[in-house]
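Peer 1: Below you will find the structure I want to go over with you.
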Amino acid sequence: MLLAEKQSLDRQHVWHPYASMASPPPVSMAVAAQGTKIRLADGTELIDAVSSWWCAAHGHNPPAIVAAIQAQAERMCHVMFAGFTHEPAIELAEALVKQLPAGLNKIFFADSGSIAVECAAKMAVQYQVARGQTKRCHLAALKGGYHGDTLGAMALSDPNGMHTLFKGILPQHFFAEQPKIRFGARWDDADFESMRLLLEQQGEKIAAVIVEPVFQGGNAMWFYHPEYLKKLRKACDAQGILLIFDEIATGFGRTGKRFALEHAGVLPDILTVGKILTGGCVSLAATITTKHVADTVCSGEAGAFMHGPTYMANPIACAAGGASMRLMESYDWQGAVLRIERELKEQLEPYRSLPAVKDVRVLGAIGVLELHKLPSPEQVHALVHATGVWLRPFDRFVYTMPPFITSSEEISRITMAMGHLAGG
Ligand SMILES: *Cc1c(COP(=O)(O)O)cnc(C)c1O
């Protein structure tokens, strides 16, 4: 089949993310991906400056992960996880427990990040019900937050995002103002006032607070002060409210620490991870909690956590996860992220003077240009192909979250392309 025919079939039948099916946006035909590059059908290569939605942190198709997937596929692609266990799940759980702060050691595997968030919310509610706190059936979250696209996760995400469109079907939760004090700026208690008031007034109805620690990604691309998390931990403890950290975007090194919670030195009761978990190879996520929460959840009427998806702990995904964890230990990821952070700061900061640029922010391997207004999708598409740098701006943000293995020369190409998008 000719490339043009394939692309025409795609336009007729295949729906793409956040895309119109009536008049589909331009898409490129990807045929291979290796390291920092995605190769297209016409032979051109693009530097993947967004790690394919923040996942491929060790580059695309790392040989060690590919080998683990192949070996597992030959032995056993899948087996149901009720009544069975298997080595890939056990090994991945062990690797996670080793790198997580002590105490977070009960692991529930989920199919995707959104599902992990749903599981965290269900766990929190089951925990409260088991303690006789049956009124606690709501959660609190932050404006500007992003926790996924399924109904339950969307209901916890920024109430002004897609939320408004689906208002009728979404469960109602409580939202505090977005933290305004920047990462690295001087802390002021006033920043916590909105959350303090919310918990004071509605605390009895709240099972848990969910936040993305330090970095609000999918909706706001915003870095806030870690002190906020310390205040939040104290306020939750004072009222028997659980604290959920959604580290699906930040987990495994993205902000320069293995987990973003390390910036604050605060532990949640429940942690969600995903994205980099399998090195960007297969969908897998996890909801991780403490012995106390797990014991309480299972002491309730149900006697168990009531969730169990068909493909839970898929062996191929778990094998990819285990290999990805080992790969992370095999090189100086932190040195690489800090080098990228330095380069992004040096090269993006000068764009602050461009008229189109409202703000510039960098933390770890995340660089953000907040614009007054984004260029059109057609302009972005043209620029991507002119520069050979794959960027996927959204809302007001031109950003990069490159693989940690991205070279200095490639970072320069990425920041140049970002500057062009900002009219520089
Ligand atoms: C991406 C993301 C999710 C959703 O994960 P999916 O795998 O896309 O369902 C949830 N929370 C955060 C913080 C994310 O960045």
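The values are calculated or read from the model by the stated rules, or taken from the named source; none is laboratory data. What you see is a predicted model; the values in this text were computed from it and never measured. Because the Cβ atoms are built from the backbone with ideal geometry, glycine has one as well, and the counts that use them run over all protein chains shown. The area values use the complete protein model at the heavy-atom level, side chains included, leaving out ligands, DNA and RNA. Shrake-Rupley method; radii C 1.70, N 1.55, O 1.52, S 1.80 Å.
Peer 1: Return only the number of the condition from (1) part of a helix (DSSP H, G or I); (2) open to solvent by less than 10 Å² (accessible area, probe 1.4 Å) that E410 does not satisfy.
Peer 2: (2)
Peer 1: A further question on this structure: Limited to region 241-263, what total is found for residues that are more than 16 Å from the ligand (Cβ to nearest atom) and aliphatic (A, V, I, L, M)?
Peer 2: 2
Peer 1: List the number of the failed condition for G161; all other conditions in (1) at pLDDT 95 or above; (2) within 16 Å of the ligand (Cβ to nearest atom) hold.
Peer 2: Evaluating G161 over (1) at pLDDT 95 or above; (2) within 16 Å of the ligand (Cβ to nearest atom) leaves (1) as the failure.
Peer 1: Hey, does region 46-57 have a residue that's surrounded by 13 or more Cβ atoms within 10 Å (Cβ to Cβ) and either more than 23 Å from the chain's Cα centre (by Cα) or free of Cβ contacts under 8 Å to residues at least 12 places away in the same chain (or both)?
Peer 2: no
Peer 1: Which residue, of P63, P17, P24, is over 24 Å from M416 (Cα atoms), open to solvent by less than 40 Å² (accessible area, probe 1.4 Å) and within 27 Å of the chain's Cα centre (by Cα)?
Peer 2: Criteria check complete, one pass: P24.
Peer 1: Considering region 401-424 alone, what residues qualify as being within 21 Å of P355 (Cβ to Cβ) and hydroxyl-bearing (S, T, Y)?
Peer 2: Of everything in region 401-424, just one residue is within 21 Å of P355 (Cβ to Cβ) and hydroxyl-bearing (S, T, Y), namely T415.
Peer 1: Which of the numbered conditions does A95 fail, given that it passes all the others? Conditions: (1) assigned by TED's automatic domain parsing to the domain that holds V380; (2) in contact with an Asp or Glu (Cβ under 9 Å, 6 or more places away or on another chain); (3) in a helix (DSSP H, G or I).
Peer 2: (1)
Peer 1: A73 versus (1) hydrophobic (A, V, I, L, M, F, W, C); (2) assigned to a helix (DSSP H, G or I); (3) outside the structural domain of I316 (by TED's automatic domain parsing): which is the lone unmet condition?
Peer 2: Evaluating A73 over (1) hydrophobic (A, V, I, L, M, F, W, C); (2) assigned to a helix (DSSP H, G or I); (3) outside the structural domain of I316 (by TED's automatic domain parsing) leaves (3) as the failure.
Peer 1: T250 passes all but one of (1) in contact (Cβ under 8 Å) with a residue 60 or more places away in the chain; (2) in contact with a Phe, Trp or Tyr (Cβ under 8 Å, 6 or more places away or on another chain); which number fails?
Peer 2: For T250, the failing item is (1).
Peer 1: May I ask you to list the residues in region 331-350 that are among the small types (G, A, S) and free of Cβ contacts under 8 Å to residues at least 40 places away in the same chain?
Peer 2: G335
Peer 1: Could you list, in sequence order, all residues of region 296-320 that are of a type in the set (V, I, T) and either closer than 15 Å to R131 by Cβ or not assigned by TED's automatic domain parsing to the domain that holds G83 (or both)?
Peer 2: Within region 296-320, T296, V297 meet the criteria.
Peer 1: Regarding region 68-90, can at least one residue be identified that is surrounded by fewer than 19 Cβ atoms within 10 Å (Cβ to Cβ) and under 20 Å from the mean Cα position of the chain (by Cα)?
Peer 2: For region 68-90, residues surrounded by fewer than 19 Cβ atoms within 10 Å (Cβ to Cβ) and under 20 Å from the mean Cα position of the chain (by Cα): absent.
Peer 1: Filter region 93-122 down to the residues that are open to solvent by 50 Å² or more (accessible area, probe 1.4 Å) and within 16 Å of the ligand (Cβ to nearest atom) and list them by number.
Peer 2: D111, K122
Peer 1: A further question on this structure: List the pairs whose first member sits in region 367-381 and is modelled with pLDDT under 95, whose second member is open to solvent by 60 Å² or more (accessible area, probe 1.4 Å) and of a type outside the set (K, R), and whose Cβ atoms are under 7 Å apart, counting only residues at least 6 apart or on separate chains?
Peer 2: Qualifying pairs under 7 Å: H381/P26.
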